[in-house]
Amino acid sequence: MDFNETAALDAVVASFEGTSDPRLKEILQVTTRHLHALVRELRPTQTEWQQAIDFLTAVGHTCDDTRQEFVLLSDVFGVSMLVETINGDEHGTEGTVLGPFHMTESPRRELGGSIDLMGGSTPCLVTGAVVDDAGRPLAGATIDIWQCSVDGFYDVQEPEKQPPGNGRGLFTTDEQGRFWFRTVVPSHYPIPTDGPVGDLLGASGRHPFRPAHIHVIAEAAGYRPVTTHLFVADSAYIDSDAVFAVKKSLIVDFTEIDDPAGFEHYGMTGPFRHAHFDIRLGREGGPQ
Ligand code: BEZ
Ligand code: FE
């Protein structure tokens, strides 16, 4: 081959022609086309290309059993959300990123139980139901919940302060598909910035914050599970999530209830915040 910009592309694409798995062949050839297009457009110097290699090497070196810097990189480029959205079920509640903090098993709790093991903050009651694509309740569905504290830290980030399982709970819906549990309103918080992805955000003048949210994985036999969030409506950064994970349908009012009739109605003993959110699941094998 006489090397020039287009001949190089054609030669590399052709080199993958014998890949026996058709999907892998497509992935390799499309990746080649886009990589070559990126380099032809950017025309990096040797030094810049080495910087790119060094950056990706640093991303790799930052990964270990509990830290996944490549996922974080995919998050801040909006690619995690793109993959999530491409694979979403249009008959179910919209999904968002899983994030890195679903790393321990949530303790099983009774409906109405509290996932706040710290106390001392305004309580919050979350109520809702898991329903099918026609709005029919799904009894026996599970919802796995995890969230950070009022100060913006997950239990695993503050093992000396928070008991394990704080902010986490696994609940099973009742006969009418309902769930309810007590918690506190989580805070907005920064994604990890002590690695190369943090350097990238810093260099581009981007903030690292995520708006306040509660993570949910909802599952029911025969239905497609959903991994999603409830976003706190009035949270800081609701319009500029560092990982682009906010969808309008997932923003929920956490209403302040401060009248005694309200306390009584919900079985609470004083002022609290109330959020209500129904989760819809599409049928397994059903239309997408
Ligand atoms: C989270 O919500 O836990 C999260 C998601 C993406 C990156 C970092 C944190
Ligand atoms: Fe989170």
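Derivation of every value follows stated rules applied to the coordinates shown; laboratory data play no part. In this text the structure is predicted, and so the values were computed from the model without any measurement. A quick note on method: Cβ atoms are made from the backbone with ideal geometry, for glycine too, and the neighbour counts reach across all protein chains shown.
Hey, can you list the DSSP H helices of the chain whose Cα span along the axis is 15 Å or longer and whose average Kyte-Doolittle score is at least -1.0?
5-15, 22-42, 46-62
Tell me the relative contact order for the chain as a rounded percent, counting alpha carbon contacts under 8 Å between residues six or more apart.
Once divided by the residue count of the chain, the mean separation gives 21 percent.
Got a sec? Charge dipole of the chain, +1 on Cβ for Lys and Arg, -1 for Asp and Glu; which of S204, S20, V39 is way out at the positive end?
Checking the options against the dipole of the chain, the answer is S20.
Can you tell which of G262, N87, G286 lies farthest toward the positive end of the dipole of the chain, using +1 and -1 charges on the Cβ of basic and acidic side chains (Lys, Arg; Asp, Glu)?
My answer, from the dipole projection, is G286.
Under 10 Å, Cα contacts only: if you run a Gaussian network model on the chain, which one of Q51, Q68, Q147 comes out with the highest mean-square fluctuation?
Q51
Normalised by the empirical 2.2 N^0.38 Å for globular proteins, what value does the Cα Rg of the range 79-281 take?
Compared with the compact-globule rule of thumb, the range 79-281 sits at 1.02.
Given labels modelled 7 Å from the Cα in the Cβ direction, how far is it in nm from H276 to D199?
Label at H276, label at D199, 5.0 nm between them.
With +1 on each Lys and Arg Cβ and -1 on each Asp and Glu Cβ, how big is the dipole of the chain about its Cα centre, in debye rounded to the nearest 20?
Charge dipole, the chain, about its Cα centre: 240 debye, nearest 20.
With the chain treated as a Gaussian network of Cα nodes joined by springs under 10 Å, which of T127, T32, T93 yields the largest mean-square fluctuation?
T32
Please report the net charge: other residues with Cβ closer than 14 Å to the Cβ of V243, K and R +1, D and E -1.
That sum, taken over residues with Cβ under 14 Å, equals -2.
How many times 2.2 N^0.38 Å is the alpha carbon radius of gyration of the range 113-217?
With N residues counted in the range 113-217, Rg over 2.2 N^0.38 Å equals 1.29.
Most mobile of F77, F244, F254 per a Gaussian network model of the chain (Cα springs, under 10 Å)?
F77
Scale the Cα Rg of the range 1-101 by the rule-of-thumb value 2.2 N^0.38 Å and send over the ratio, two decimals.
1.38
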